[in-house]
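Each remark here refers to the structure printed beneath this line.
The values are calculated or read from the model by the stated rules, or taken from the named source; none is laboratory data. Remember, it's a predicted structure, so these values are computed and weren't measured experimentally. Heads up, the Cβs are rebuilt from the backbone with ideal geometry, glycines too, and the neighbour counts pull from every protein chain shown.
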Amino acid sequence: MYAQVKLLNGFQESLWYEIPHELKTIVPGSIVVVPLRTRTLSAYVEKVSSQPPRVSWQLRSLIGLEPFPHDPHYAEFIRVVANYYQLSPLYFAKRLRSILKQANSESALNYSSSTEHESQTVTLTQEQQDVVETINTQITQQCFAPLLLHGLTGSGKTEVYKKAILHALSHNKSVIVLLPEVSLAVQFTALFAATLSGVELYGFHSATSVKEKRALWNALMQNRSILIVGVHLPIMLPINNLGLIIVDEEHEVGYQEKKHPRINSKEAALMRAQTAAIPIVLGSATPSISSLYAVRTKKWRLLQLTKRYAGSLPQITVVPFTIDRKRPHFWMSKELCQAIADRLQKKEQTILFLNRRGHSFFVQCKQCGASERCPNCSVTLTLHDYNQLRCHYCNFEKQLPLACSGCRSTDDPFLKKGIGTQQLVSIVQSLFPAARIARADVDSTVNKKKWKKTVDDFHSGEIDILIGTQTITKGYHFPRVTLVGVIWADLNLNFPHFNAAETALQQLIQVAGRAGRASHESEVIVQTMAEHQIFSYLSETDYMNFYDAEIEGRELVGYPPCIRFVEIELKSTDSVGVEREAHELASFLRSRVERNKETITVLGPARPLVHMIKNLSSRKIYLKCVSMNPLISLFQSIDQSHYTSSIYFTPNPLS
């Protein structure tokens, strides 16, 4: 027997080796150790053949298999996900390479993250118990079953997860729990460690230590029943006894990786559950339109928690800025200021939500209108504290200049446009000087220890007002919060993407859901610059009505999930060349569709709003069809060697 392999060190050519008799169990997808000159290297098995290859050198034998957990479904899963994202299976083998190196760098792999804790005694509501019994039945039956859990904020979805996790572990099955952000994964890992007695638990994400990665790999090698919590990485692990996958906040766009290849971990999790024939629970207070559509068209099962476990849903008030002209500050309505003052007097807490960090969106010259722009990206620089200008794409920084870069005006030249969380802190502090205020955005949460202290202080009541971006819209339970203020609710509604209304409403409902989780009297004040239909669906109980209206519009114009959608992105340092090649590629695709009489729509090319990042220019082409396979075949017909631009394929782009 013979094996064709690709080295994991990046060497492009495939190599052939003879398979010794004692390694006859090797199959495509295996990770093996091969000799190359005087070295031994890791390699991925692409093909196994009984016929000797035609080569001009004497074949050498494989040395052995890399220590690798036995997972009978893993190779098929990698094949499916690689085809869907049009990647080589080798890409996924390389992602595991670092784990292999760390896991095998020491012989002593006996560290365990499991800790004995006393489980909290929680009495489930009847709704929760019914949902748990449904999930547990599917775990016991071990068949592919997508279960969409639509539960109001504060309805106790986490308690349901915990019961399902314990049931799976008691049947000697391992469980994966996915969260959309590392900070949430860290939080849930701590929560599970504190409330699940004797569970062997591992966090696996960018913040995981090498020691814990070694321990996790050892647990997988020994086929132990474990709980793994993470964002993108866990779903790519080989796990022999995987019995349940949970995707919390399943609506979040954070599951789609920001860099190419833009793999969506939720979609990959569904593929994993299907190939392994296991149940998958997708939970959210604001389920994605695509998941709700799958309930209708693919017979996914919808489970619902319609009541809060404690507290009541807040009262919601919409305040149009166009009406409220006389207000304490341009960005603060009378209603919101009065409500904050009331909470301060009652020793209750407030969250203020603004999905923009920094001080101001940009600065603009009063004389010539020029803005300070990033030299590497097609965006204006955001003003931060201490007159620091920063690019939120490449992190370029410079001090606010004394003179305009365009007209060289020096007489207090700049207007500061828009508002960010840093400026909002200053405004609120000036209006409520006695209040204790903290900020929660990417800038303030990058220091994990500092952010943990902020969360702990807010929990304990040491902070009165927490001002933040979408960082605070999900996953956090702050019992003392009885007021949520949304500073600029329509800010994200004008983004040129088909799901802009969906993501904007989800954010608003999620942040509103932080109020009244332990109180029967709470309030949400939503400030707007413009009217929009989504403001009639701000109550969580109206979310399904929003789905009905939104899906009708998408069916009418042909957008996901009613149709399959693919993004092809070209990137190059040559801005002129990428424009030319994008038009050439779009023309090729249209001619092929017309020649083959395929029912595929080709849109573009288009220049994205942010069309240059880190000196790489981009253009996008979009494809639409009723099914994915024709779109994959069309992409495969592209001769990429004909283009100097890099070409990327993203199914179902979310942003």
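Taken as a whole, the condition of being surrounded by 23 or more Cβ atoms within 10 Å (Cβ to Cβ) and closer than 30 Å to THR297 by Cβ does not apply to HIS232. Going by the structure shown, is THR137 under 19 Å from ALA168 (Cβ atoms) and either exposed (fewer than 14 other Cβ atoms within 10 Å of the Cβ) or at pLDDT below 70 (or both)? So THR137 fits the description; yes.
Only one of the numbered conditions (1) in the same structural domain as ILE632 (by TED's automatic domain parsing); (2) in a helix (DSSP H, G or I); (3) buried (at least 16 other Cβ atoms within 10 Å of the Cβ) is not met by GLU569, and that is (2).
Filter segment 492-504 for residues that are under 17 Å from the mean Cα position of the chain (by Cα) and outside any loop (DSSP other than H, G, I, E, B) and give the result. Those that are under 17 Å from the mean Cα position of the chain (by Cα) and outside any loop (DSSP other than H, G, I, E, B): ALA500, GLU502, THR503, ALA504. Assuming ILE419 fulfils every condition listed in (1) farther than 22 Å from ARG514 by Cα; (2) free of Cβ contacts under 8 Å to residues at least 24 places away in the same chain; (3) of a type outside the set (Gly, Ala, Ser) apart from one, which condition is it? Unmet for ILE419, out of (1) farther than 22 Å from ARG514 by Cα; (2) free of Cβ contacts under 8 Å to residues at least 24 places away in the same chain; (3) of a type outside the set (Gly, Ala, Ser): (2). Within segment 539-558, residues that are outside the structural domain of CYS625 (by TED's automatic domain parsing) and surrounded by 14 or more Cβ atoms within 10 Å (Cβ to Cβ) sit with their Cβ atoms under 7 Å from residues that are hydroxyl-bearing (Ser, Thr, Tyr) and part of a helix (DSSP H, G or I), at 6+ positions apart or across chains, in these pairs: TYR543/TYR537; PHE546/TYR537; ILE551/TYR293. Taken over segment 476-494, the criterion of being in contact (Cβ under 8 Å) with a residue 12 or more places away in the chain and within 30 Å of ALA606 (Cα to Cα) is satisfied by TRP488, ALA489, ASP490, LEU491, ASN492, LEU493.
Taking the condition surrounded by fewer than 16 Cβ atoms within 10 Å (Cβ to Cβ) and free of Cβ contacts under 8 Å to residues at least 12 places away in the same chain, does ARG301 pass?
no
Taking the condition charged (D, E, K, R), at pLDDT 90 or above and either farther than 24 Å from GLN510 by Cα or assigned by TED's automatic domain parsing to the domain that holds VAL481 (or both), does LYS346 pass?
Yes.
Restricting LYS24, LYS6 to residues that are in contact with a helix residue (DSSP H, G or I) (Cβ under 6 Å, 6 or more places away or on another chain), over 27 Å from SER174 (Cβ atoms) and not small (Gly, Ala, Ser) narrows the list to LYS6.
Within segment 297-343, track down each residue that is of a type in the set (D, E, K, R), within 30 Å of the chain's Cα centre (by Cα) and at pLDDT below 95.
Taking segment 297-343 and keeping what is of a type in the set (D, E, K, R), we get 298-299, 301, 307-308, 324-327, 334-335, 342-343.
Going one step further and asking which of them are within 30 Å of the chain's Cα centre (by Cα), we end up with 298-299, 301, 307-308.
LYS298, LYS299, LYS307, ARG308 - these are the residues of segment 297-343 that are of a type in the set (D, E, K, R), within 30 Å of the chain's Cα centre (by Cα) and at pLDDT below 95.
Name the single residue that is farthest from ASP71 (Cα to Cα) among those in segment 1-30 being exposed (fewer than 15 other Cβ atoms within 10 Å of the Cβ) and hydrophobic (A, V, I, L, M, F, W, C). Only one residue fits best here, namely PHE11. On the stretch given as segment 607-655, residues that are under 16 Å from SER572 (Cβ atoms) and of a type in the set (Gly, Ala, Ser) total 5. For segment 432-450, the count of residues that are touching a residue at least 24 places away in the same chain (Cβ under 8 Å), surrounded by fewer than 16 Cβ atoms within 10 Å (Cβ to Cβ) and under 30 Å from LEU402 (Cβ atoms) is at least one. Within segment 388-426, being among the β-branched types (Val, Ile, Thr) and surrounded by 15 or more Cβ atoms within 10 Å (Cβ to Cβ) holds for ILE419, THR421, VAL425. Taking the criterion of being β-branched (Val, Ile, Thr) and more than 24 Å from PHE649 (Cβ to Cβ), the residues of segment 534-587 that qualify are ILE534, THR541, ILE551. Of all residues in segment 597-620, those being more than 23 Å from the chain's Cα centre (by Cα) and closer than 22 Å to ASN83 by Cα number 5.
Strands (runs of 3 or more DSSP E) fully within segment 275-324 that include at least 2 residues being more than 30 Å from GLU531 (Cα to Cα): 279-284, 301-305.
Let's see how each residue does on (1) among the aliphatic types (A, V, I, L, M); (2) farther than 20 Å from CYS337 by Cβ; (3) at pLDDT 85 or above:
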site: LYS450; (1), (2), (3): no, yes, no
site: GLY461; (1), (2), (3): no, yes, yes
site: ILE465; (1), (2), (3): yes, no, yes
site: HIS477; (1), (2), (3): no, yes, no
site: ALA518; (1), (2), (3): yes, yes, no
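One line per residue, one yes/no per condition, for (1) closer than 23 Å to ASN264 by Cβ; (2) hydrophobic (A, V, I, L, M, F, W, C):
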site: GLU581; (1), (2): no, no
site: ALA586; (1), (2): no, yes
site: ILE613; (1), (2): yes, yes
site: MET628; (1), (2): yes, yes
site: THR644; (1), (2): no, no
site: ILE647; (1), (2): yes, yes
site: SER655; (1), (2): yes, no
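Yes or no: LEU282 at pLDDT 95 or above, in contact with a Leu (Cβ under 7 Å, 6 or more places away or on another chain) and surrounded by fewer than 17 Cβ atoms within 10 Å (Cβ to Cβ)? When the stated conditions are applied, LEU282 does not pass them. Counting only strands (runs of 3 or more DSSP E) wholly contained in segment 583-655, the ones carrying 3 or more residues that are free of Cβ contacts under 8 Å to residues at least 40 places away in the same chain occupy 601-606. Look at ILE509 and say whether it is in contact (Cβ under 8 Å) with a residue 24 or more places away in the chain and not in a loop (DSSP other than H, G, I, E, B). So ILE509 passes the test.
Here the helices (runs of 4 or more DSSP H) wholly within segment 110-219 that include at least 2 residues being closer than 22 Å to HIS477 by Cβ, within 20 Å of the chain's Cα centre (by Cα) and of a type in the set (Val, Ile, Thr) are 182-195. The residue of segment 305-323 that is nearest to THR158 (Cα to Cα), among those that are touching a strand residue (DSSP E or B) at 6+ places or on another chain (Cβ under 8 Å) and surrounded by 15 or more Cβ atoms within 10 Å (Cβ to Cβ), is LEU305. For segment 572-583, the set of residues classified as among the acidic types (Asp, Glu) and exposed (fewer than 15 other Cβ atoms within 10 Å of the Cβ) consists of ASP574 only. Taking into account only those residues within segment 140-173 that are closer than 23 Å to ALA310 by Cβ and among the small types (Gly, Ala, Ser), which is modelled with the highest pLDDT? Per the criteria, the residue is ALA164.
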